[in-house]
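Colleague: One structure, pasted below without further comment.
The values are calculated or read from the model by the stated rules, or taken from the named source; none is laboratory data. Just so it is clear, the structure is predicted and the values come from calculations on it, not from any experiment. Here the Cβ positions follow ideal geometry from the backbone for every residue, glycine too, while neighbour counts run over all protein chains shown.
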């Protein structure tokens, strides 16, 4: 996902959708900005076109060259095998644009659920694979704009 990628956030959503169909995705960390590589299926290229995500078909010989480049540089291949169940610890009645994390996931079309204190206390984290804190929680500035 270097500068040739038209919409890198939507690419994350495409990768997530592929994982929900039990198809593995390779995340090529630091290769062209963090590209994804996956076996070719017609629905994937169609979905990329619909969402405005740039993609390239890679021939088998080129795949070996990509792996060689990754092996020789500060890069890594991460195999993604499962779409995680994502939750955001965020106050109720927040809009997606109120927080950078929810904004990015909403735009990328990556599904998530919102949890707050009550849901956490009754076991709402039990089936969550990935919990993200509301962006303002990192700074301790929650609510500063409403005072």
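Colleague: When residues of the range 12-23 are filtered for being at pLDDT 95 or above and outside any loop (DSSP other than H, G, I, E, B), how many remain?
Modeller: So the answer is 8.
Colleague: Then there is this: Return the total of residues in the range 89-111 being touching a residue at least 12 places away in the same chain (Cβ under 8 Å) and either more than 24 Å from residue 6 (Cα to Cα) or more than 19 Å from the chain's Cα centre (by Cα) (or both).
Modeller: Count: 5.
Colleague: So is residue 26 touching a residue at least 24 places away in the same chain (Cβ under 8 Å), within 21 Å of residue 75 (Cβ to Cβ) and not in a loop (DSSP other than H, G, I, E, B) or not?
Modeller: yes
Colleague: Taking the range 64-95 as the region of interest, how many residues are under 22 Å from residue 127 (Cβ atoms) and buried (at least 17 other Cβ atoms within 10 Å of the Cβ)?
Modeller: Summing the residues that are under 22 Å from residue 127 (Cβ atoms) and buried (at least 17 other Cβ atoms within 10 Å of the Cβ) in the range 64-95 gives 7.
Colleague: Report, by residue number, each residue of the range 45-68 that is farther than 14 Å from residue 12 by Cβ and in contact (Cβ under 8 Å) with a residue 24 or more places away in the chain.
Modeller: 63, 66
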